[in-house]
Amino acid sequence: MGVERLGVVLAPDEGWEHGRQNAGVEDPRITFVEPLGLYVMTYVAYGPLGPKPALAVSKDTVTWRRLGPLRFSYQPELDTDLNLFPNKDIVFFPEAVPGPDGRPALALLHRPMWDLDWLRPGEGARTPAGIDDARPSIWIGYVDLDAATRDLSALTYVQHSAMIAAPEMTYESSKIGGGPAPLRVPEGWLVLHHGVTGADFSGFALAHGARYTAGAMLLDPIDPRRVLARTPEPLLVPETEEELEGTLGNVVFPTAIEEIQGRRFVFYGMADSKIGVAELERHDD
């Protein structure tokens, strides 16, 4: 399957996307959000305080308009402020769902990280109230659909955040994180995610020695905070030379699902160096 490179659509040009010795707009995930009729790109702005989530929107995927960094509402029940922490692996659902308050909402997955030792050595930070596992896990948050319809800037204001999945299976023992936009299937929302083993994730530098694989989970169609099922074993593991050797070897990292001529394909990173494609097939047995 051929890929034509058309150029750069986003670079770290804004002040909040770089520090004195670092810069980045990284890990983009694009969802066509049906209620808005727009493509929404979530990405990580690698600024002066590390990786922070940000948004851009487009009508054609060629020209993008930044909406700025994400802002998380203060939730007293968490006993912390999510805006203080690095956050990655953000991706929107393509359709509206009922929010926790019953109002129509746009849901997104995100992954806050509690380790702040890189910023304040020896001090660290507590996990939110009720969260006993400090390993990076998958969270969900919501954007009010009516507010975003009236003013697109409301897309950057995330409410009702909650953890929905922590590392559980053997192939997820170090951390997990989201992948492509959730895919609506008859049973619910299919989420392809990455699971990592073999690394201690202090800070957020490249984890040499880690193994990245791809698994899946099924979320409730009405309340995607509920995980209905998870794959006990990974669906995709690094096996080929391109997946085992590269900038960060031993990595497969799913980021997009596309339907082409009636067949669904998963586009994924191979050792942080090349792009791979695998067919996503359904088996009912």
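The values are calculated or read from the model by the stated rules, or taken from the named source; none is laboratory data. As the structure is a computational prediction, the values presented were derived from the model and not from experiment. We place every Cβ from the backbone using ideal geometry, glycine too, and count neighbours over all the protein chains shown. SASA here: full protein model, heavy atoms, side chains in, ligands and nucleic acids out. Shrake-Rupley method; radii C 1.70, N 1.55, O 1.52, S 1.80 Å.
Could you say whether any residue in the stretch 84-104 is among the β-branched types (Val, Ile, Thr) and assigned to a loop (DSSP other than H, G, I, E, B)?
Quick first cut of the stretch 84-104, residues among the β-branched types (Val, Ile, Thr) only: 90-91, 97.
Narrowing the set further to residues that are assigned to a loop (DSSP other than H, G, I, E, B) leaves none.
Checked the stretch 84-104: no residue is among the β-branched types (Val, Ile, Thr) and assigned to a loop (DSSP other than H, G, I, E, B).
The set of residues in the stretch 48-64 being open to solvent by less than 10 Å² (accessible area, probe 1.4 Å) and more than 17 Å from PRO94 (Cβ to Cβ) consists of GLY50, PRO51, PRO53, ALA54.
Considering every residue within the stretch 46-58, establish whether at least one is assigned to a loop (DSSP other than H, G, I, E, B), in contact with a strand residue (DSSP E or B) (Cβ under 7 Å, 6 or more places away or on another chain) and hydroxyl-bearing (Ser, Thr, Tyr).
First, the residues of the stretch 46-58 that are assigned to a loop (DSSP other than H, G, I, E, B): 48-49.
From what's left, in contact with a strand residue (DSSP E or B) (Cβ under 7 Å, 6 or more places away or on another chain): none.
Checking the stretch 46-58: not a single residue is assigned to a loop (DSSP other than H, G, I, E, B), in contact with a strand residue (DSSP E or B) (Cβ under 7 Å, 6 or more places away or on another chain) and hydroxyl-bearing (Ser, Thr, Tyr).
Only residues that are free of Cβ contacts under 8 Å to residues at least 60 places away in the same chain and not in a strand (DSSP E or B) were counted in the stretch 127-165, giving 14.
The selection criterion, being within 19 Å of the chain's Cα centre (by Cα), open to solvent by less than 20 Å² (accessible area, probe 1.4 Å) and aliphatic (A, V, I, L, M), holds for ALA214. One residue stands out in the stretch 10-21 among those that are touching a Pro at 6+ places or on another chain (Cβ under 8 Å) and part of a loop (DSSP other than H, G, I, E, B): the one that is surrounded by the fewest Cβ atoms within 10 Å (Cβ to Cβ), namely ARG20.
Does LEU84 satisfy being within 20 Å of the chain's Cα centre (by Cα), touching a residue at least 40 places away in the same chain (Cβ under 8 Å) and farther than 28 Å from LEU218 by Cα? Spelling it out, LEU84 is indeed within 20 Å of the chain's Cα centre (by Cα), touching a residue at least 40 places away in the same chain (Cβ under 8 Å) and farther than 28 Å from LEU218 by Cα. Exactly one residue among GLY262, GLY249, GLY269 is modelled with pLDDT of 95 or more and either open to solvent by 80 Å² or more (accessible area, probe 1.4 Å) or among the small types (Gly, Ala, Ser) (or both), and that residue is GLY269. Scoring ARG20 on the criteria (1) touching a residue at least 60 places away in the same chain (Cβ under 8 Å); (2) out of contact with any strand residue (DSSP E or B) (no Cβ under 7 Å at 6 or more places or on another chain) leaves a single failure, condition (1). When LEU70 is tested against (1) touching a strand residue (DSSP E or B) at 6+ places or on another chain (Cβ under 9 Å); (2) surrounded by fewer than 18 Cβ atoms within 10 Å (Cβ to Cβ), exactly one condition is not met: (2). Restricting attention to the stretch 157-166, does a residue exist that is surrounded by fewer than 20 Cβ atoms within 10 Å (Cβ to Cβ) and more than 28 Å from GLY68 (Cβ to Cβ)? Yes, the conditions are met somewhere in the stretch 157-166.
Of all the numbered requirements in (1) over 26 Å from ALA129 (Cα atoms); (2) open to solvent by 10 Å² or more (accessible area, probe 1.4 Å); (3) at pLDDT 95 or above; (4) touching a Gly at 6+ places or on another chain (Cβ under 7 Å), GLY198 misses one, and that requirement is (3). Of the numbered criteria (1) in a loop (DSSP other than H, G, I, E, B); (2) out of contact with any Leu (no Cβ under 7 Å at 6 or more places or on another chain); (3) buried (at least 17 other Cβ atoms within 10 Å of the Cβ), the one PRO238 fails is (2).
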